[in-house]
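The values are calculated or read from the model by the stated rules, or taken from the named source; none is laboratory data. Remember, predicted model here, so these are calculated numbers, not experimental data. Here the Cβ is made from the backbone with ideal geometry for all residues, glycine too, and neighbour counts use every protein chain on show.
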Amino acid sequence: MSDIIKKSNNLPDDVYIETIDRQYADSIFLQTNIVPTITPLTREGDIDIESIPKYLTHLYTLGVKAILVMGLTGEFNRLDNLKRIQAIKVFTENNQKRFCLFVNATGDTEDETIANVRTIEKYNIDGLVLAPLYYLNNSTEIIPHLQKLKVYGL
């Protein structure tokens with residue numbers, strides 16, 4: 001895949017962001033939708049571990065090919081980091097290679113994000129999402145945030 005990765009021209013020279021070549025994007029990403037998942041919870045607010053395999057089977061029968069776990073459905077801010085990681089682990093363990101699997105590793109702090117990536121990279125995933133942290137005061141803090149992540153090899 002290294003031949004389809006290129007340096008973004010919109011960032012300072014010391015920031016390297018991997019971007020996917022347009023031809024690759026057209027051939028893979030535009031062939032399917034990446035469906036953001038919900039995370040089933042119990043009445044007590046815990047991860048409903050028993051429902052996730054059933055939910056994945058349901059998505060599969062609908063023809064879903066790619067999913068994003070812990071990304072866009074609003075529960076990210078409502079779950080503590082341990083529950084986020086637990087949900088990601090259960091989704092990955094029950095994927096059974098049915099989906100192209102993307103997960104959001106963003107934590108509540110930069111250090112937590114780095115720890116999350118180190119944990120999640122051991123799981124069988126296809127892509128990792130790192131969102132700008134919601135507590136950043138303004139967009140000028142995004143580049144230093146990405147530079148810090150780069151120092152840690154992310």
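A quick yes/no check of all residues on (1) under 20 Å from Y123 (Cβ atoms); (2) of a type in the set (D, E); (3) at pLDDT below 95; (4) surrounded by fewer than 16 Cβ atoms within 10 Å (Cβ to Cβ):
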| position | (1), (2), (3), (4) |
| --- | --- |
| L30 | no, no, yes, yes |
| N33 | no, no, yes, yes |
| T39 | yes, no, yes, no |
| I49 | yes, no, no, yes |
| G71 | yes, no, yes, no |
| F91 | yes, no, no, no |
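When each of A87, A105 is tested for being of a type in the set (A, V, I, L, M), in contact with a strand residue (DSSP E or B) (Cβ under 9 Å, 6 or more places away or on another chain) and in contact (Cβ under 8 Å) with a residue 40 or more places away in the chain, the lone residue that passes is A87.
Tell me, yes or no, whether segment 117-132 has at least one residue that is part of a strand (DSSP E or B), at pLDDT below 90 and surrounded by 15 or more Cβ atoms within 10 Å (Cβ to Cβ). Yes, segment 117-132 contains a residue that is part of a strand (DSSP E or B), at pLDDT below 90 and surrounded by 15 or more Cβ atoms within 10 Å (Cβ to Cβ).
Can you tell me how many residues within segment 44-79 are in a loop (DSSP other than H, G, I, E, B) and either in contact (Cβ under 8 Å) with a residue 40 or more places away in the chain or closer than 16 Å to V117 by Cα (or both)? Result for segment 44-79: 4.
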